[in-house]
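Engineer: Got a structure for you, written out below as structure tokens; questions coming shortly.
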Amino acid sequence: MRLSRRLSTALAIALVLSLSLGSLAGKRQAVGQTGVLRLDGQVWQTAPGAVIRHTVTISSSLAVSEAVKVWAEAGSWPVEVPATVVVTPRQKATFVATTHVPFGATDDAAQALTVTVRSAVAGSRSIGLVASSRGRFVGGRYVGCRFDFEADGVIDVTDVAPLAERFNAAVGEDRFDAACDLDHSGRIGAADVQAVAGAVGGACATLPTADSTALRAAIEEAALRRHLEALEAIARAEGGHRAATSRGHERSAEYVADQLTMAGYEVTIDRFTVSSWEVLSPSVLRRLAPTERAYTDEFSTFLYSGSGEVTATLQAVDLMLPPGPEINSTTSGCEKADFAGFTAGSIALIQRGGCDMPTKVANAAAAGAAAVLMFNEGQPERQGLFSGVARRENALPVLATTFAVGEELARLVSEGPVVMYMRTATGVVERPTLNVVAERPIGDSQQVILLGAHLDSVTAGPGINDNGSGVAAVLEIALQMARLGVTTANRVRFAFWSAEEIGLLGSQHYVNSLSRAQRDAIRLVLNFDMLGSPNYVRFVYDGTSISRTLGGDPLPLEIQAAFTDYLARLGLAVEAMNMGGGSDHATFVAAGIPAGGLFTGTSTAKTAAQAAVHGGEAGAPMDPCYHRACDTTANIHWGVLQLFTETAAHVTLAYAQDVRGVLARPNGAPAISHAWPFAERGGLKWW
Ligand code: BES
Ligand code: ZN
């Protein structure tokens, strides 16, 4: 009886997680607010597209199990919860409230996450909420524009008044122009600037968008495949790689340039030279005493070995023979003291291991060695030839050899004088290479969206994921835009950089060659490097880290959001990645040009958390063939390459049509003069 009465009355329990928005509360928020949300010690980034998962715990002291109904809301932010949760007597039940931080959130929507649990059991006082979740937003950066001077996320009179003042000061009364007096009050005041800032603010409040359906539909996997097969065939024919200054790279550039030319692009071949350390003629290693022996393929030249011709006695330096069972159990030449009895002018016989090779070479040079012969350490995995590295400033000849050769020489040295002949000829040569840059004469040449991908590989392999994949994406977007006759308000430029793998040299050459005006015309750079990693993670360049480098410019945040937003609409989560200086975006960021991009991962192992979101294999490298000979077309995940090419196409088109969101970058001219009447009169510099 009592139970049925209980069943007839509903019980509502509301948990309000009071998420104070601080100064934002009650005001209109700029769209795309980012910040940090803390709930019960958990921290979430609240950038647009972020997903907040909050675990709510409930318990019941009822004697019966029941399914309670659950509702949740966070203003207009969508929250997902299970429709019902089963509560078992004396046990805690948990469920997850998932909130998607939306793009386009306005007002004070998400001040509170409210979770409501209703029990169908009548009269119960005994379903209690165990969790007492408290949360609040910290921070409050937003993806918006610079007109928000007090950085509260709202463009209002406080923000525009300084603009009005500066404007009035700049033009003076005598240059008053009624056309600027938008409220027709007879003076240019805050209300006028508000009107303009409002228009701009409105633009800032919307991420760039475009109908990219036709362009995306035109991008076919088969075409991406054709480009990568062409690059792979070039590498195969040219010694296995497409590294800067090689024939493989030259032919890759020809391929890209031909495709673009045939599609109607104006293609610029920009030649420049890079300094390259090289072995100029084969090195020589010979034993002259106690017996003669000429070595052939048992030695190699250290990277950055100096040049020289030396005939001298060989002297052993703190060798350990046999070596310990573990690698690096020896320390030959690691300490200056190892050279205590060393006779200047001798050749140092050093065993690999225990410290880095340049240190050993530097110690030998300091002790007056005429040359260095370093042999492998001797454990099973350290028997054969190895690639040695010296320092450029140690100008003596340095050769590497096998453990067997070293061990024999050490024995001979212990028996009597051993005389060796060593010769190396190395040097730095200037080698020509080229960037390929293409555009169509469509759109405002002062508003350039620059898409880039590096075209060079490392010498270890053909570089199909790194970075044939980015090249194929950028190339195919260019080809299809031309084929479809896409017209854009802004200029889209496509660049294929050389010499990225040896220090971002191609993009650096390009930036160095630009005039100030040409550099300022580049509104933003989209960089694509590695888009097809087989065990991929969908990485988007982290705009926060890039903004920090730029000194707080919010644009990279917006570029990040543009990518994230597109993928979020497809229901695909992304991970923000601090890209550091590892690819060509860094060149542009350093030059003050906002940059963003996509990336699918190198040899780093995928975490379990990443596998849960992106699929694939936890614990395995995202790209097992990164910088290796196996980076072929067999090393491509075609699905993610197709997806990211389409994503890149969409964001390119969006910015190509509308860079209002990037209007306010420092030192830049306003992007849309028609919405910016002040700029047309005298080019005021406000930033
Ligand atoms: N594609 C790689 C790695 C990469 C991709 C880094 C995207 C950052 C963003 C790139 O070509 C590479 O190997 N970079 C070098 C540094 C470069 C300056 C020589 C690296 O990361 O070690
Ligand atoms: Zn790369």
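Readers should treat all values here as calculations from the given coordinates under stated rules, not as data from a laboratory. What you are looking at is a predicted structure, and each value in this text was computed from that prediction instead of being measured. Counting neighbours? That spans all protein chains shown, and the Cβs are built from the backbone with ideal geometry, glycine included.
Engineer: Taking interchain pairs and intrachain pairs at least six residues apart, which have beta carbon atoms under 7 angstrom, with the first residue in the stretch 521-536 and without any contact (Cβ under 8 Å) to a residue 60 or more places away in the chain and the second outside any strand (DSSP E or B) and within 11 Å of ligand 2 (Cβ to nearest atom)?
Structural biologist: none
Engineer: For Ile502, all conditions in the list (1) within 13 Å of ligand 2 (Cβ to nearest atom); (2) surrounded by 22 or more Cβ atoms within 10 Å (Cβ to Cβ); (3) under 16 Å from His249 (Cβ atoms) hold save one; what is the number of the exception?
Structural biologist: Evaluating Ile502 over (1) within 13 Å of ligand 2 (Cβ to nearest atom); (2) surrounded by 22 or more Cβ atoms within 10 Å (Cβ to Cβ); (3) under 16 Å from His249 (Cβ atoms) leaves (2) as the failure.
Engineer: Ok, one more. State all residues of the stretch 211-228 that are among the charged types (D, E, K, R), within 15 Å of Trp638 (Cα to Cα) and surrounded by fewer than 16 Cβ atoms within 10 Å (Cβ to Cβ); if no residue qualifies, say none.
Structural biologist: Within the stretch 211-228, Glu220, Glu221, Arg226 qualify.
Engineer: Say whether the condition of being within 16 Å of ligand 1 (Cβ to nearest atom), under 30 Å from Thr301 (Cβ atoms) and not in a strand (DSSP E or B) is met by at least one residue in the stretch 447-457.
Structural biologist: Initially, the stretch 447-457 is screened for residues within 16 Å of ligand 1 (Cβ to nearest atom), giving 451-457.
Now restrict to residues that are under 30 Å from Thr301 (Cβ atoms): 454-457.
Then keep just the ones that are not in a strand (DSSP E or B); that gives 455-456.
Yes: the stretch 447-457 contains one or more residues that are within 16 Å of ligand 1 (Cβ to nearest atom), under 30 Å from Thr301 (Cβ atoms) and not in a strand (DSSP E or B).
Engineer: One residue is enough: does the stretch 625-638 have a residue meeting the conditions within 16 Å of ligand 2 (Cβ to nearest atom), in a helix (DSSP H, G or I), touching a residue at least 60 places away in the same chain (Cβ under 8 Å) and buried (at least 22 other Cβ atoms within 10 Å of the Cβ)?
Structural biologist: yes
Engineer: Same structure, new question: Do you know which residues across the stretch 583-618 are surrounded by fewer than 21 Cβ atoms within 10 Å (Cβ to Cβ), within 14 Å of ligand 2 (Cβ to nearest atom) and more than 20 Å from His637 (Cβ to Cβ)?
Structural biologist: The answer is Ala586, and nothing else.
Engineer: Restricting to the stretch 573-624, count the residues that are more than 18 Å from Thr544 (Cα to Cα), within 16 Å of ligand 1 (Cβ to nearest atom) and without any contact (Cβ under 8 Å) to a residue 40 or more places away in the chain.
Structural biologist: Residues flagged as more than 18 Å from Thr544 (Cα to Cα), within 16 Å of ligand 1 (Cβ to nearest atom) and without any contact (Cβ under 8 Å) to a residue 40 or more places away in the chain within the stretch 573-624 amount to 3.
Engineer: Out of (1) under 39 Å from the mean Cα position of the chain (by Cα); (2) assigned to a loop (DSSP other than H, G, I, E, B); (3) crowded, with 17+ Cβ neighbours inside 10 Å, the odd one out for Lys360 is which?
Structural biologist: Failing condition for Lys360: (2).
Engineer: For a quick check of your reading: which strands (runs of 3 or more DSSP E) sit entirely within the stretch 238-332 and have at least 2 residues that are without any contact (Cβ under 8 Å) to a residue 24 or more places away in the chain? Full working, then the answer.
Structural biologist: Values: elements: 266-289, 293-295, 299-301, 308-316.
So the answer is 293-295.
Engineer: Evaluate the following for Phe528: is it closer than 17 Å to His454 by Cβ and more than 16 Å from ligand 2 (Cβ to nearest atom)?
Structural biologist: Taking the combined requirement at face value, the residue does not satisfy it.
Engineer: Just to check your reading of the model, which residue among Ser445, Ser414 is out of contact with any Asp or Glu (no Cβ under 9 Å at 6 or more places or on another chain), surrounded by fewer than 23 Cβ atoms within 10 Å (Cβ to Cβ) and touching a residue at least 12 places away in the same chain (Cβ under 8 Å)?
Structural biologist: Ser414
Engineer: For the stretch 261-273, does any single residue satisfy the condition of being surrounded by 19 or more Cβ atoms within 10 Å (Cβ to Cβ) and small (Gly, Ala, Ser)?
Structural biologist: no
Engineer: Can you find a residue in the stretch 448-471 that is touching a Ser or Thr at 6+ places or on another chain (Cβ under 8 Å), under 18 Å from Gln657 (Cα atoms) and either away from ligand 2 (no atom under 16 Å from the Cβ) or among the acidic types (Asp, Glu) (or both)?
Structural biologist: Scanning the stretch 448-471, I find at least one residue that is touching a Ser or Thr at 6+ places or on another chain (Cβ under 8 Å), under 18 Å from Gln657 (Cα atoms) and either away from ligand 2 (no atom under 16 Å from the Cβ) or among the acidic types (Asp, Glu) (or both), so the answer is yes.
Engineer: Something else now. Of all residues in the stretch 505-522, which are within 16 Å of ligand 2 (Cβ to nearest atom) and either surrounded by fewer than 20 Cβ atoms within 10 Å (Cβ to Cβ) or not hydrophobic (A, V, I, L, M, F, W, C) (or both)?
Structural biologist: Result: Gly506, Ser507, Gln508.
Engineer: Looking at Arg519, Arg491, which one is assigned to a helix (DSSP H, G or I), of a type in the set (Lys, Arg) and either in contact with a helix residue (DSSP H, G or I) (Cβ under 9 Å, 6 or more places away or on another chain) or within 14 Å of ligand 1 (Cβ to nearest atom) (or both)?
Structural biologist: Numbers: Arg491 fails: assigned to a helix (DSSP H, G or I).
Just a single option satisfies the conditions, and that option is Arg519.
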